[in-house]
Amino acid sequence: MLATRRLEAALDALKAQTAQMEKLAAAAERNRIAGEIHDAVGHTLTSALIAIEAGEGLLLRDGAAAGEKFSLAKQQVRLGLDEIRRSVRGARAGGTADFAAALAALAREIENGSGFLIHIVSHLETELLPIQQNVLLRAIKECATNSIKHGGAKQADLLLQENRGLVHFTFSDDGAGGNTAFGFGLGSMAERVRGLGGIVKAESAPGEGFTVILSLPIGMERGGEKG
């Protein structure tokens with residue numbers, strides 16, 4: 001009887017632990033989905049807002065130019081809606097065979113949507129894992145959005161380089177600078193970086209722009225495959 005009671009108590013404790021783990025897993029999934037939606041849509045909607053505001057300023061002076069801005073805003077909103085649908089479905093963006101081309105395409109997309117320029121200097125030799133590529137591309141988009149919204153920046157320098165098994169990422173804008181606290185967007189970005197074993201920090205001073213620095217361990221070969 002004593003053994004039975006102990007077994008029942010152990011089963012009850014296990015059930016309680018399982019329920020708690022399920023709650024934690026559900027909370028983590030909600031946070032993941034929230035982060036996916038914020039990161040995927042935040043930049044495109046910011047770009048759309050900038051285009052709409054520019055169109056409003058041109059409406060009375062140059063109707064044709066205003067129409068172009070509103071058309072751009074419409075395209076950005078459509079893109080944002082598509083990204084929302086992908087995020088809600090839990091779709092994960094994969095890697096690309098040509099990361100340099102993906103970087104250039106993203107920089108063009110950001111410039112076309114907001115006028116924000118990103119000057120890229122990349123010295124990467126190792127082919128990054130798809131998940132690492134995805135995290136870095138999302139980091140660029142989030143940094144650009146943060147620079148535009150909070151720093152009033154017009155451009156940024158992006159440096160990517162390798163050293164001792166790490167890829168180092170430095171994003172420095174020409175904005176107002178100041179507060180280095182991470183909001184929701186940069187906080188979600190930092191969580192993804194740390195989830196891959198990386199580190200993130202920010203440096204800034206009033207009038208000296210905002211810099212985000214992160215490092216990720218580069219995937220190593222394991223049995224002929226990257227691990």
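The values are calculated or read from the model by the stated rules, or taken from the named source; none is laboratory data. Small disclaimer: the values here were computed from a predicted structure and weren't measured. Here the Cβ positions follow ideal geometry from the backbone for every residue, glycine too, while neighbour counts run over all protein chains shown. Areas reflect the complete protein model, heavy atoms only, side chains present, ligands, DNA and RNA absent. Shrake-Rupley method; radii C 1.70, N 1.55, O 1.52, S 1.80 Å.
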Report task. Could you please give the count of residues in region 111-143 that are within 20 Å of residue 69 (Cα to Cα) and buried (at least 21 other Cβ atoms within 10 Å of the Cβ)? Result -> 3
Report summary line: For region 110-135, pairs from a residue that is farther than 17 Å from residue 159 by Cβ and without any contact (Cβ under 8 Å) to a residue 12 or more places away in the chain to a residue that is outside any helix (DSSP H, G or I) and open to solvent by 20 Å² or more (accessible area, probe 1.4 Å), with Cβ under 6 Å and 6 or more apart or across chains, are 111/117
Report task. Please specify each residue of region 173-188 satisfying the condition of being under 15 Å from residue 138 (Cα atoms) and either at pLDDT 90 or above or open to solvent by 60 Å² or more (accessible area, probe 1.4 Å) (or both). Result -> 184
Report task. Could you grab the pairs with beta carbons closer than 6 Å, sequence gap of 6+ or different chains, first residue in region 55-68 and closer than 16 Å to residue 113 by Cα and among the aliphatic types (A, V, I, L, M), second one at pLDDT below 80 and not in a helix (DSSP H, G or I)? Result -> 66/59
Query raised in the report: Looking at region 115-140, which of the residues that are part of a loop (DSSP other than H, G, I, E, B) and of a type in the set (A, V, I, L, M, F, W, C) is farthest from residue 215 (Cα to Cα)?
Result: 116
Query raised in the report: Quick check, is residue 148 within 22 Å of residue 188 (Cβ to Cβ) and crowded, with 22+ Cβ neighbours inside 10 Å?
Result: yes
Report task. Determine which single condition residue 159 fails, assuming it passes every other condition in (1) at pLDDT 90 or above; (2) open to solvent by 50 Å² or more (accessible area, probe 1.4 Å); (3) assigned to a loop (DSSP other than H, G, I, E, B). Result -> (3)
Query - Among the candidates 125, 142, residue that is at pLDDT 85 or above, in contact with a Gly (Cβ under 6 Å, 6 or more places away or on another chain) and of a type in the set (D, E, K, R) - result: 142
